[in-house]
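Have a look at the structure below before the remarks.
The values are calculated or read from the model by the stated rules, or taken from the named source; none is laboratory data. Worth saying up front: this structure is predicted, and the values here are computed from it rather than measured. No Cβ is skipped: glycine too gets one built from the backbone with ideal geometry, and neighbour counts run over all protein chains shown. Note: accessible area is taken over every heavy atom of the protein model, side chains too, but ligands, DNA and RNA are not part of it. Shrake-Rupley method; radii C 1.70, N 1.55, O 1.52, S 1.80 Å.
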Amino acid sequence: MINFQQPAFLRFANSSWRFRLFLLWKLPAAWFMGIRVRSVNLKECVAILPFSWFSQNPFRSTYFAAQCAAGELSTGLPALAYLQGKPPVSMLVTRIEAEFYKKADQTLAFTFTDGDAMAAVIEEALSSGEAKIFRANSVARLPDGEVAASVWVEWSFKRKKS
């Protein structure tokens with residue numbers, strides 16, 4: 001991955017065409033499903049998962065794995081942005097949980113809003129050298145604002161040894 005400073009990384013991640021090329025290169029499944037970023041900063045991220053042939057299951061709803069992928073992206077991007085310009089950190093998904101409340105047969109917007117708490121855990125991992133866990137929640141909403149799903153992604157952060 002290119003070593004950006006935070007403002008440059010955020011411009012890159014918020015640039016639709018550049019970030020789509022990045023997804024094609026690094027996360028082709030997310031690219032194939034059509035996941036895109038509506039907005040990202042250090043505090044929150046909104047990822048969009050369109051309802052299409054590429055993301056649906058045989059029951060004409062959005063496939064659960066596509067929803068988990070969008071939830072992972074929406075929680076991971078603020079962490080990646082925060083880590084720009086910092087010492088190398090290992091960032092790993094250690095667990096995913098999801099609850100599905102409503103049939104997802106329309107475009108979903110996955111929103112993560114706890115970037116400040118995630119940044120505090122990352123700083124703790126950087127200063128201690130120990131692995132620290134953060135449980136991030138991304139809420140998926142239908143276009144009318146109704147909650148369709150919640151995805152919890154457990155991230156482990158650990159400073160890499162130099």
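Taking the conditions exactly as written (under 18 Å from E146 (Cβ atoms), out of contact with any strand residue (DSSP E or B) (no Cβ under 7 Å at 6 or more places or on another chain), open to solvent by 40 Å² or more (accessible area, probe 1.4 Å) and at pLDDT 95 or above), does T107 satisfy them or not? When the stated conditions are applied, T107 does not pass them.
Listed by first and then second residue, the pairs linking a residue in region 36-54 that is in contact (Cβ under 8 Å) with a residue 24 or more places away in the chain and hydroxyl-bearing (S, T, Y) to a residue that is part of a strand (DSSP E or B) and crowded, with 16+ Cβ neighbours inside 10 Å, with Cβ atoms under 8 Å apart and 6 or more places separating them unless they lie on different chains, are S39/C45; S39/V46.
Given the structure, is K86 touching a strand residue (DSSP E or B) at 6+ places or on another chain (Cβ under 8 Å), in a loop (DSSP other than H, G, I, E, B) and not aliphatic (A, V, I, L, M)? For K86, the condition - touching a strand residue (DSSP E or B) at 6+ places or on another chain (Cβ under 8 Å), in a loop (DSSP other than H, G, I, E, B) and not aliphatic (A, V, I, L, M) - is not met. Can you confirm whether region 15-27 contains a residue that is at pLDDT 90 or above and part of a helix (DSSP H, G or I)? For region 15-27, residues at pLDDT 90 or above and part of a helix (DSSP H, G or I): absent. Just the residues that are farther than 19 Å from A140 by Cβ and hydroxyl-bearing (S, T, Y), please, taken from region 5-62. S15, S16 - these are the residues of region 5-62 that are farther than 19 Å from A140 by Cβ and hydroxyl-bearing (S, T, Y).
Among the residues of region 37-56, the one identified as charged (D, E, K, R) and open to solvent by less than 100 Å² (accessible area, probe 1.4 Å) is E44. Do the conditions hold for V89, that is, is it at negative phi, under 11 Å from the mean Cα position of the chain (by Cα) and open to solvent by less than 30 Å² (accessible area, probe 1.4 Å)? So V89 does not fit the description; no.
None of R60, R18, R38, R95 is touching an Asp or Glu at 6+ places or on another chain (Cβ under 8 Å) and closer than 29 Å to A125 by Cβ except R95.
Of all residues in region 111-127, those that are touching a Lys or Arg at 6+ places or on another chain (Cβ under 8 Å) and either closer than 14 Å to E72 by Cβ or surrounded by fewer than 16 Cβ atoms within 10 Å (Cβ to Cβ) (or both) total 3. Scanning region 68-78 for residues that are under 12 Å from A30 (Cα atoms), open to solvent by less than 10 Å² (accessible area, probe 1.4 Å) and not hydrophobic (A, V, I, L, M, F, W, C) returns G71, S74.
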